[in-house]
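Notes follow once the structure below has been shown.
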């Protein structure tokens, strides 16, 4: 739920639309009036993100909510990141991981090729008496 940032999916399910899913979530979790939450479609880069606020509790009613960043007034309060920022941070981290894994891959390939070259020189020199 908003504004807490969770490292795992809080609620998984399938529905025809994000609105239907939000209604299922609000009903199943018995959210109070005024509660705000975020629904993120789990579909990769084209995922849709929508913000909802509970407008009434029995029967449940939802209204769209604006994305926001919460911050407390005290010095110890932390700022919660908006889901778009969280998703952007994750995608940037994925790019860095891919870049480093490619660098390490090419380093391993280069190292293997160099060691193979040295092994062939060793065989040619001492195994066959070349040079």
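The values are calculated or read from the model by the stated rules, or taken from the named source; none is laboratory data. These numbers come from a predicted model, not from an experiment. A quick note on method: Cβ atoms are made from the backbone with ideal geometry, for glycine too, and the neighbour counts reach across all protein chains shown.
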Q | Out of 70, 89, sole residue that is surrounded by 10 or more Cβ atoms within 10 Å (Cβ to Cβ), assigned to a loop (DSSP other than H, G, I, E, B) and at pLDDT below 85 | A | 70
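Yes or no, residue by residue, for (1) at pLDDT below 85; (2) in a helix (DSSP H, G or I); (3) under 19 Å from residue 66 (Cα atoms); (4) assigned by TED's automatic domain parsing to the domain that holds residue 59:
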{"site": "5", "(1), (2), (3), (4)": "yes, no, yes, yes"}
{"site": "8", "(1), (2), (3), (4)": "yes, no, no, yes"}
{"site": "11", "(1), (2), (3), (4)": "yes, no, no, yes"}
{"site": "14", "(1), (2), (3), (4)": "yes, no, no, yes"}
{"site": "21", "(1), (2), (3), (4)": "no, yes, yes, yes"}
{"site": "31", "(1), (2), (3), (4)": "no, no, yes, yes"}
{"site": "34", "(1), (2), (3), (4)": "no, no, yes, yes"}
{"site": "42", "(1), (2), (3), (4)": "yes, no, no, yes"}
(Q) Residues to consider are 96, 131; find the one that is farther than 30 Å from residue 51 by Cα and modelled with pLDDT under 90. (A) 131
Q. If you go through region 36-64 one residue at a time, how many are in contact (Cβ under 8 Å) with a residue 40 or more places away in the chain and under 14 Å from residue 25 (Cβ atoms)?
A. 4
